[in-house]
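The values are calculated or read from the model by the stated rules, or taken from the named source; none is laboratory data. Just so you know, these numbers come straight off a predicted model, no measurement behind them. All Cβ positions, glycine included, derive from the backbone under ideal geometry; neighbour counts span all protein chains shown.
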Amino acid sequence: MAANCENGNSSRVSIELAEIIEEIEFNQRKIAELIERNEVLEQRKAEIELALEIRNVEQAEKIANTQFDGTFPWSDNVDCVLKEVFHLPSFRPLQREVINAIMSELDTLVVMSTGAGKSLCYQLPAVVMKGLIVVVSPLISLIEDQLAGLRKLGIEGAALNQSTPKEDVKRIEAQLVQKGSSLRLLYITPEKLAKSKRLMNKLEKSAEVGALKVCLVSVTHFYQ
């Protein structure tokens, strides 16, 4: 009887040992797969970093060799939209340069005083480019004022924030992925952008289909 118990214990131990060995081998295979995957990711990471570095160098060279107050292929159209759509006789200082930089698809940092005409620098390109420009702004009152101004000019704009009705959200999100959409400016609060993965996915899709042209952050205050 004792011999049978010993044989049973030995069998269970052998089974447990075999299971442990099998699990170790499985884990080793998974570790090898993860190491291989990590090597692929590291290589891709290096390729992307190099591409970004080259892009930055090329962009810096392009900026250094460009006179943004000069003539561009879109200059006539820009002047026409300024007068016919925005009903303005001329640009304020630096507006033309900023518009040309944006339409040259360059990363652009603009510092202007209040009332200097920053909004025109992205509203006008939205009309000329016939695409969507997304404006991230925390000031809902300013967004509402700008949307009211756009409506008077016949330019379609919209806003998304935490209080936007669901029906409006669905309608706007549908417009984001339509390349021929008439939506020109979409104002989004930072909170809405940060908390909505669905919106981020829609914006990525909008860029893929060629509808989204420019993303920018508006109204940054510096305090001393």
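Table: residues versus (1) over 28 Å from Leu52 (Cα atoms); (2) acidic (Asp, Glu); (3) assigned by TED's automatic domain parsing to the domain that holds Gly180; (4) over 26 Å from the mean Cα position of the chain (by Cα).
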{"site": "Glu84", "(1), (2), (3), (4)": "yes, yes, yes, yes"}
{"site": "His87", "(1), (2), (3), (4)": "yes, no, yes, yes"}
{"site": "Ser90", "(1), (2), (3), (4)": "yes, no, yes, yes"}
{"site": "Glu97", "(1), (2), (3), (4)": "no, yes, yes, no"}
{"site": "Thr108", "(1), (2), (3), (4)": "no, no, yes, no"}
{"site": "Gly117", "(1), (2), (3), (4)": "yes, no, yes, no"}
{"site": "Tyr122", "(1), (2), (3), (4)": "no, no, yes, no"}
{"site": "Ala126", "(1), (2), (3), (4)": "no, no, yes, no"}
{"site": "Ile133", "(1), (2), (3), (4)": "no, no, yes, no"}
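Screening Ile31 with (1) assigned to a helix (DSSP H, G or I); (2) of a type in the set (A, V, I, L, M); (3) modelled with pLDDT under 95 gives one miss only, at (3). When every residue of region 9-21 is checked against the conditions, none turns out to be of a type in the set (A, V, I, L, M, F, W, C), without any contact (Cβ under 8 Å) to a residue 24 or more places away in the chain and loosely packed, with under 10 Cβ neighbours inside 10 Å.
In the set Leu199, Leu160, Leu185, only one residue is in contact (Cβ under 8 Å) with a residue 40 or more places away in the chain, buried (at least 17 other Cβ atoms within 10 Å of the Cβ) and within 18 Å of the chain's Cα centre (by Cα); that residue is Leu185.
For the residues Glu167, Glu144, Glu173, the requirement of being closer than 25 Å to Met103 by Cα and either among the acidic types (Asp, Glu) or in a strand (DSSP E or B) (or both) singles out Glu173. Just to be sure before I move on: is Ile102 assigned to a helix (DSSP H, G or I) and of a type in the set (Val, Ile, Thr) in the structure I sent? Spelling it out, Ile102 is indeed assigned to a helix (DSSP H, G or I) and of a type in the set (Val, Ile, Thr). Scanning for something touching a Gly at 6+ places or on another chain (Cβ under 9 Å) and assigned to a helix (DSSP H, G or I), does region 107-123 turn up at least one residue? Looking through region 107-123, at least one residue is touching a Gly at 6+ places or on another chain (Cβ under 9 Å) and assigned to a helix (DSSP H, G or I).
A residue that is touching a Lys or Arg at 6+ places or on another chain (Cβ under 8 Å) and at positive phi cannot be found anywhere in region 163-181.
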